Amino acid sequence: MTEGEKIRLTAWSHELRRVHARLREALAVTRASVAAGEAAGPAARDLLLFCHGFCTALSGHHRGEDHELFPAIASAHPELADTLRLLRQDHSMIEYLVTGLRDAVDRSASAAELDRHLEGIAAVMESHFRFEERRLLSVLETLELDADPHSTLGPL
């Protein structure tokens, strides 16, 4: 294996870590804007953009994994079927929580309610990311997948 091939192969594990870090940052910015009271007044539009941007990025990340990354992993590592099933269940739960946040933002919910939604997403998202990183990073270092990282892991 050439150095270029090794770099290409290990790029999937680095890309996953990078996307997770950016999603964590986006959540932190969104939570900070809620905590600062930006749910009222002219800054409400910015909060709306933060929340919708974060929700869109997180949902896009999970769709990419479900449609491109996980099938490639399942093909190369059938022994990970249970792990991939659990990760897909997490994706479904997170999407349910994200839909609740979107609905709350769309109806101009209070900062306290938005924070409750964000707290729930944060807890499940962090647990999911840690489990995924523990179980898949070493697999991603050897995965041969010729795909665009943005469509596979999300646009972040």
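Per residue of the stretch 116-123, in order, report the coupling 6.51 cos²θ - 1.76 cosθ + 1.60 (Karplus, θ = phi - 60°) as ³J(HN,Hα) in whole Hz, putting x for Gly and Pro.
Values, residue by residue: 4, 4, 5, 4, x, 4, 4, 5 Hz.
Exposure proxy check: His91, His61 ranked by fewest other beta carbons within 10 Å?
Going from least to most buried by this count: His91, His61.
Would you calculate the separation in nanometres between label points at Val124 and Ala112, each defined as 7 Å from the Cα along the Cα-to-beta-carbon direction?
Computed distance between label sites Val124 and Ala112 equals 2.3 nm.
How long is the gain from Glu79 to His150 if the chain were fully straight, where each residue apart is worth 0.36 nm and the alpha carbon distance is subtracted?
22.9 nm
Measure off 7 Å from each Cα along the Cα-to-Cβ vector at Glu95 and Arg63, then give the distance between these two points in nanometres to one decimal.
Going from the Glu95 label point to the Arg63 one covers 0.9 nm.
Pop out the ³J(HN,Hα) list for the stretch 75-81 in order, Karplus 6.51 cos²θ - 1.76 cosθ + 1.60 with θ = phi - 60°, rounded to Hz; leave Gly and Pro as x.
Listing the rounded values in order: 5, 7, 9, x, 5, 9, 4 Hz.
Angle, helix 44-64 long axis vs. longest principal axis of the chain, Cα atoms, 0 to 90°, nearest 10?
It works out to around 20 degrees.
Any read-out appearing in this document is the output of simple, stated calculations on the displayed coordinates, not a laboratory observation. Bear in mind that the values here come from a model prediction, so they are computed numbers and not experimental data. As a convention, Cβ positions derive from the backbone with ideal geometry for all residues, glycine included, and neighbour counts pool all protein chains shown.
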